[in-house]
1. For residues that are among the aliphatic types (A, V, I, L, M) and open to solvent by 30 Å² or more (accessible area, probe 1.4 Å), scanning just the stretch 453-478, find the one that is nearest to ligand 2 (Cβ to nearest atom).
2. If you go through the stretch 479-493 one residue at a time, how many are within 11 Å of ligand 1 (Cβ to nearest atom) and open to solvent by less than 10 Å² (accessible area, probe 1.4 Å)?
3. Anything in the stretch 321-361 that is of a type in the set (A, V, I, L, M, F, W, C) and within 16 Å of ligand 1 (Cβ to nearest atom)? List them, or say none.
4. Consider Q381 carefully, then state whether it is among the polar types (S, T, N, Q), surrounded by fewer than 19 Cβ atoms within 10 Å (Cβ to Cβ) and at negative phi.
5. Give me the pairs: first residue in the stretch 318-338 and closer than 16 Å to F363 by Cα, second residue open to solvent by 50 Å² or more (accessible area, probe 1.4 Å) and outside any helix (DSSP H, G or I), beta-carbon distance under 7 Å, and six or more apart or on different chains, which are they?
6. With the checklist (1) more than 16 Å from ligand 1 (Cβ to nearest atom); (2) open to solvent by 40 Å² or more (accessible area, probe 1.4 Å) in hand, flag the one item F65 doesn't pass.
7. Failed condition for F235, given (1) assigned to a helix (DSSP H, G or I); (2) more than 16 Å from ligand 1 (Cβ to nearest atom), with all others met?
8. Find the residue count for the stretch 332-363, including only residues that are among the β-branched types (V, I, T) and either closer than 28 Å to K419 by Cα or crowded, with 22+ Cβ neighbours inside 10 Å (or both).
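The values are calculated or read from the model by the stated rules, or taken from the named source; none is laboratory data. On a predicted model such as this, the values are computed, not experimentally measured, just so you know. As a convention, Cβ positions derive from the backbone with ideal geometry for all residues, glycine included, and neighbour counts pool all protein chains shown. To get the accessible areas, we keep the full protein, side chains included, count just its heavy atoms, and leave off ligands, DNA and RNA. Shrake-Rupley method; radii C 1.70, N 1.55, O 1.52, S 1.80 Å.
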Amino acid sequence: MNALRRHRKLDAIWASEPGWKGWTSSVNHSDLGRMFLVTAFFFFLVGGVLAMLIRAQLATPDSAFVDAGAFAQFFTMHGTIMMFLFAIPTFEGLAIYLLPKMLGTRDLAFPRLTAYGYWCYAFGGAMLLVALFFGIAPDGGWFMYPPLTGPLHSPGINTDFWLIGITFVEISAICAAVEFTVSILKYRAPGMSLDKMPIFAWYALVTSLMILTGFPPLILGSVLLEVERAFGLPFFQADLGGDSLLWQHLFWLFGHPEVYIIFLPAAGVISTVIPVMARTTLLGYGWIVASALALAFLSFGLWVHHMFTTGIPHMGLAFFSAASTLVAVPTGVQVFAWIGTMWKGRPELHMPMLHILGFFVTFIIGGLTGVMVAVVPFDWQAHDTAFITAHLHYVLFGGFVFPMLAGIYYWLPLVSGRKRLFRLGELAFALIFVGFHGTFLAMHWVGLLGQRRRIETYDAETGWGVINFISSVSSFVMAIGLAMVLVDIIIHSFVAVRGPRNPWRAGTLEWAGMSPPASYNFASLPMVGARAPLYDTPDLANRLAKGEGYLGAPEVARRETLMVDAANGRPEALVIYPGNTRLPILMAAVTGGFFLSILLKLFWFTPLALAGVAALALVWVWQLSARADQGPQEVGHGTTLPLASEGDRSPGWWGSTFLLVANATFFGSLLFGYAFLWTVAPGWPPAQWLAPSWVELAFGIGAALVAALAQHLSARRNRAGTAPMVALAPALLATVATAVAFGALLLRLPPPDGHAYAATLLILGAYGLAHALLVGLMQSFLILQIRRGFTSPQRRAGFAIVALWSDYLAVITVLILLAAHLPGMIA
Ligand code: HEM
Ligand SMILES: [Cu+2]
């Protein structure tokens with residue numbers, strides 16, 4: 001087979017449907033990555049317009065351009081859009097687009113999940129835009145503190161849009177994080193051991209793990225606040241045993257890691273671009289990986305520095321202040337590694353490099369003001385002033401927008417296959433740089449003079465007019481620069497002439513395919529022996545196109561790639577992907593129906609939507625099932641490998657494992673909330689405990705343990721070729737009994753709107769019940785599959801996945817029932 005025939009054949013297998021149809025049915029990572037990036041950029045424009053409106057209002061004293069209510073919506077939506085609808089999705093889009101290409105594989109681990117995540121993001125973002133358009137947008141600030149956002153002080157629908165819309169969007173972040181983690185660990189080119197991974201993949205891995213453990217506390221907080229608003233359960237109301245500080249803890253448990261979730265991908269771009277621009281290799285690869293891991297770890301112990309003014313005990317202040325200054329160390333290691341890399345090489349000042357320089361100047365200043373506000377007495381002065389707003393923009397714009405602009409200019413030739421036409425980018429950079437520093441240096445200054453953030457106006461007597469005017473004019477200069485970047489990209493993408501492959505002479509694998517990339521990425525998969533394969537094998541691209549790698553002989557019309565050992569990259573299994581489908585967009589729409597039913601208080605529709613999601617999920621999984629064993633397959637170079645979907649450690653098992661990491665963090669945050677209210681909130685102990693019952697406790701725990709054990713037994717029997725139903729039927733029965741135990745708990749609770757104690761137990765019980773039902777559904781599904789001949793001793797992946805979930809159910813059942821019954825027993 002020659003290269004052209006191979007290309008035609010592979011493209012026929014991998015291509016998305018043509019035209020707009022392809023948009024709704026594509027599961028291809030290149031398509032979805034582009035859709036993510038375009039949508040995120042659109043939200044950046046919306047957020048930018050809001051910023052301009054804010055600056056227009058603040059340009060002069062006593063201005064009446066917008067009123068206080070609109071101003072509150074503008075700054076809240078600006079912050080919300082920039083953080084949730086621009087920054088995180090930009091990372092997702094970039095990683096979705098690049099990771100498979102960099103890792104030398106053909107797609108991400110779960111193509112349909114990529115699409116589902118995109119549509120959740122698009123629909124959730126659209127909800128927030130609708131709110132903005134009709135003037136009913138959230139207005140409580142991007143961190144939504146109750147009691148301001150509670151039912152008493154924000155009775156309208158505005159806050160609900162935030163809580164529900166953002167939770168909807170967050171599904172996409174969790175999907176992407178699961179997907180990236182599994183893809184980076186298991187879907188790489190043969191031979192790519194962990195220490196040969198491109199540095200960007202390391203950053204994406206750390207970021208994904210942080211999303212899995214950082215987002216669940218916020219999702220929990222949003223659920224609790226929405227439940228309080230909709231049903232009057234008093235989690236955050238001090239008179240009924242709640243505490244509004246609980247929200248602040250949950251929010252910043254998410255919010256501080258969020259800053260690094262935004263910064264680390266940008267650092268990944270910087271670490272990729274600098275060595276190429278300096279014509280050398282990255283200095284201190286191992287140190288950089290270690291410091292990224294250290295940053296991730298440290299950042300979870302810092303959240304309290306956002307709460308220095310809330311009356312934290314002195315010991316706490318000292319600890320969190322010291323910890324906050326400590327993060328400067330791993331950040332410093334990375335900055336020095338980058339400087340060292342430039343020192344070692346010969347930096348060439350191409351477009352990407354300009355923005356990297358912009359990053360250095362801006363981010364270092366932001367880091368310095370960060371160390372200033374980590375010092376408690378200074379923070380007491382600067383808290384809630386424009387100084388903080390200026391600081392956070394130095395970090396976010398410097399640490400994210402500049403690196404991303406560098407990344408755009410770096411990878412644009414890959415995406416488009418073209419050369420830049422005009423030198424518009426240089427002028428744009430100058431305007432952005434000057435405009436940015438004009439805007440925010442001025443804001444530091446008025447902040448120190450006492451101007452507070454989030455206040456729509458100030459008196460002329462304050463004398464802040466001139467500084468604010470400078471700030472506003474500069475912000476318009478920056479906006480013009482950003483608009484020019486957009487024009488530059490559009491010209492580049494549609495008008496410019498074709499360019500060479502790999503114009504920067506980079507060494508990583510994304511440059512070893514066609515440009516613009518083919519739907520299947522690589523005609524055959526490379527065998528990787530170095531961190532920069534293209535430096536060792538300059539003609540790698542041609543050799544892959546000629547089919548010299550793995551999977552170079554597409555005999556059967558199916559989408560194939562390889563799964564490897566997580567540590568050393570030895571090929572382990574052959575993966576067969578599903579093809580184009582509209583199932584993800586449909587499922588996202590039904591998920592949207594679920595969220596809308598809560599937003600609009602159409603509660604009769606909520607269970608219907610949930611049932612719809614469950615039904616679609618079953619169709620989703622059903623489509624992966626096979627009726628016959630397929631056994632080991634030829635993958636090239638005389639290697640035969642088993643199918644990934646046969647055996648215990650299937651892609652689904654890996655996905656479930658990391659989804660459960662996020663789930664466990666959610667549950668852990670809930671237990672934290674329970675303990676926090678117990679120990680800190682006023683109004684405890686409650687007037688009435690749940691009347692404890694040894695019988696219920698023993699029954700529930702026993703049932704969940706039996707369910708888990710029987711589930712494992714059924715897997716073992718299936719593997720041994722004996723009938724698995726003998727154990728699976730009792731497992732299902734025991735799961736139903738677990739559900740009954742949770743039902744009993746929920747029925748006997750004291751009134752949940754009377755005290756936060758009963759309200760928290762209600763959530764704990766509902767969480768347990770939901771998981772018992774879920775596991776029961778999975779077991780029933782497995783039984784159906786057995787009956788229909790979809791399992792065998794070889795096709796056993798389903799057993800291992802259900803076992804994972806029933807183990808989890810057993811653990812949470814023990815913890816929930818103990819948390820419910822013990823207090824009453826002790827009292
Ligand atoms: C495009 C240029 C930008 C300009 C001119 C700008 C301007 C502003 C201004 C003036 C405020 C303060 C409103 C007030 O408290 O009175 C603000 C708040 C904020 N901005 Fe930006 N911003 C820009 C980009 C960004 C980006 C890229 C991010 C994040 C990635 C961001 C995140 C935030 C956040 C989180 C707040 C706080 C919102 C709140 O107080 O609830 N901004 N911005
Ligand atoms: Cu922080």
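1. I455
2. So the answer is 1.
3. Matches in the stretch 321-361: F359 only.
4. In short, yes.
5. Pairs that qualify, where the first residue is closer than 16 Å to F363 by Cα and the partner is open to solvent by 50 Å² or more (accessible area, probe 1.4 Å) and outside any helix (DSSP H, G or I), are A337/L283.
6. In the conditions (1) more than 16 Å from ligand 1 (Cβ to nearest atom); (2) open to solvent by 40 Å² or more (accessible area, probe 1.4 Å), F65 misses (1) alone.
7. Against the list (1) assigned to a helix (DSSP H, G or I); (2) more than 16 Å from ligand 1 (Cβ to nearest atom), F235 comes up short only on (1).
8. Of the residues in that region, 3 qualify.
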